[in-house]
Amino acid sequence: MMYANFSGKSGCAGCGIRVHGGTAVRSLIASAFLLLMPFAALCSGRPLFVGLSESFPQGGNSSKVMVNASYADAVSRGGHIPVVIPRFGTDAQFDVLVSKLDVLVMTGGEDLKPSRYGARPSPKLGAVNVERDDFDFRLLAAARRRNLPVIGICRGCQLLNVAFGGTLWQDLPSEFPVKDVQHRNVYHNLRIDPNSRFAQVTGVTNALVNSSHHQAVKDLAPGFRVVGRAPDGVVEVIECDTYPALGVQFHPEKLVCDDKDDSLAAFFKDIPSLFKCPSRGISRVSE
C-alpha cells in the first residue's frame, strides 16, 4: 500500500523505499499520491466504501442521523459497502472521513438556496434546507480536495452542477418552455448518449425512469456534458470531463431496489467503470 508521510518522507509501506527531497519534490509526490489514490482503490477489485450524504429534512429530528434505506440497499446489492455520513463535523474531520472512502454519493432532498447560484428566489421555490445546503457543499468541497469520485442523485445532481458553476431551473412547470412531460411522482422516458460512460456501463440508451423533482439543471457547469435528457429536453444525466463526477436527476437506487429495471443494476455494481480507471490505461478524463 502506498502512503505519504508529511514529515518529509514518502514511499511504499513494507518495501523499505524512502524518497527524500526538497519541499517542491515532496509537494509534487504528495499531490500525485492524493490524486491517484482514489483511482487505485476503484481499480483494486475489492468492495468499495461508498459514502452516502445524510438526507435529513428541514426542521427534522436532530437526534437522528438519516438516509433513505434504498441508497444503502442499492449500494449493498451492487457488492459494495454503504457508509452513512452524518452532518456533524468540521471541515478537517470531513477531510479525514473522505480519505477513507472510495466514492461519495450525494443524495436527494429539498431545493437548493438560489443564492448559491446567483439567483433570486422564485415564488414557486420549494422548501429550502439551509443547514443541509451547508453540509452538502462542505462535504463536496472535502471530496474535491481529495479528488474523490462523486455521484449526485436528484438534488445531488443539481448540487454538482451548482458547485461547479452552473445554475438551476427553480420550478420546471412555471419556467421550462416545454410542458410535454410531468416530472413529479411519475415515470417518463430517458434518452442517453450511447457514447457516454453511463450508457457504456449500464448498456442503457433508452429507459423508463422515475421522476420526483420540480427543479433541474439550467446552465450547465463548465467541464460537464449533458448525456441524458427527458423527451421534453430536461437534463437528466450529466458527466464531467475534468473531474470524476456524474449526476442523475432520477433515482436509480429506487429502480434497483423496487426491481423496476434490472439493466440499471450495473450502475451500482460496476461503479469503477463510471469513472475511467488509470490502471486500465484509460484516463479519468473522458476523450
>> Treating only the Cβ of Lys, Arg, Asp and Glu as charged (+1, +1, -1, -1), what charge dipole size does the range 44-280 show about its Cα centre? Round to the nearest 20 debye.
In response: 380
>> Tell me whether the range 154-276 comes out rounded, prolate or oblate; compute the Cα gyration tensor, take square roots of the eigenvalues as a ≥ b ≥ c, and use a/c under 1.5 as the rounded threshold.
In response: oblate
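Using a Förster radius of 25 Å, what is the FRET efficiency between N206 and S115 based on their Cβ-Cβ separation? Nearest 0.05, please. All intermediate terms of the calculation are to be shown ahead of the outcome.
Numbers: r = 37 Å, r/R0 = 1.49.
Efficiency at R0 = 25 Å is approximately 0.10.
So which trypsin sites (Lys or Arg not before Pro) in the range 82-119 end up in coil per DSSP with only 13 or fewer other C-beta atoms within 10 Å? Walk me through the intermediate numbers first.
Numbers: sites: R87, K100, R116; in loops: R87, K100.
In loop regions of the range 82-119 (DSSP not H, G, I, E or B), the sparsely surrounded trypsin sites (Lys or Arg not before Pro) are K100.
No value in this document is a laboratory result; all are computed from the given coordinates. Quantities reported herein were computed from a predicted structural model and do not represent experimental measurements. Counting neighbours? That spans all protein chains shown, and the Cβs are built from the backbone with ideal geometry, glycine included.
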